Amino acid sequence: MSTVQVRYIVHDVAAAIRFYTEQLGFHLDMHPAPPFAMLSRGDLRHVLSAPNPSAGGDQSMPDGTKPQPGGWNRFAIEVADLAATVAKLRDAGGRLRNEIVTGVGGKQILVEDPSGNPIELFEPTWPEARLERSAS
């Protein structure tokens, strides 16, 4: 059961579903209409919305600003072997924003979904930096 939900605006929901399920291990929970889907991975529910000015989380703000993909805010996924995960993504044509960097708590890299939204892949180097559940 999901306990946290993140919504990303994407250009192509079907392409995003393929990326998240095939490359990052998400499960497709529902895809009731072309511009909307819900996926999950552990406690995370990931909602995907395509531009649809008449419904849902993609409606314009009161000042007319339209939600769009991209930016730098992101969620992180813990992985057991970052180098192997990055190699798999590269082999599949994945877009990486940087190379693997090492910080205080672990190693990380930013990968983009098909619409340019960032996802941080994180391999902890300290036990305290691990998520409660084991990495997949």
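Values computed for the structure shown
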{"item": "Probe 1.4 Å, protein heavy atoms only - accessible area per residue of the chain in square angstrom", "result": "58 Å²"}
{"item": "Helix 13-24 vs. the chain, principal-axis angle (Cα, 0 to 90°, nearest 10)", "result": "10 degrees"}
{"item": "Cα-based helix-to-principal-axis angle, 82-91 vs the chain, degrees rounded to 10", "result": "50 degrees"}
{"item": "Ranked packing of 80-87, 42-49, most packed first, by mean Cβ within 10 Å", "result": "42-49, 80-87"}
{"item": "Low-density loop cleavage sites - GluC sites (Glu not before Pro) in the stretch 1-109, where at most 12 other Cβ are within 10 Å (DSSP)", "result": "E99"}
{"item": "The chain, dipole about Cα centre (Lys/Arg Cβ +1, Asp/Glu Cβ -1), debye to the nearest 20", "result": "100 debye"}
{"item": "Distance-filtered residues of the stretch 68-94 - backbone nitrogen under 17 Å, label point 7 angstrom along V4 Cα→Cβ", "result": "72-80"}
{"item": "Debye equation applied to the C-alpha atoms of the stretch 70-136, log10 I(q)/I(0) at 0.12, 0.18, 0.25 Å⁻¹", "result": "-0.29, -0.64, -1.15"}
{"item": "For Rg/Rh (Cα atoms, Kirkwood Rh), calculated from these coordinates, the label among [x] 1.02; [y] 0.91; [z] 0.98", "result": "[z]"}
{"item": "Förster radius 22 Å - calculated FRET efficiency between W126 and A84 (Cβ-Cβ, nearest 0.05)", "result": "0.65"}
{"item": "Candidates per chymotrypsin sites (Phe, Trp or Tyr not before Pro) in the stretch 1-72, loop by DSSP, up to 14 other Cβ within 10 Å", "result": "W72"}
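The values are calculated or read from the model by the stated rules, or taken from the named source; none is laboratory data. These numbers come from a predicted model, not from an experiment. Counting neighbours? That spans all protein chains shown, and the Cβs are built from the backbone with ideal geometry, glycine included. The area values use the complete protein model at the heavy-atom level, side chains included, leaving out ligands, DNA and RNA. Shrake-Rupley method; radii C 1.70, N 1.55, O 1.52, S 1.80 Å.
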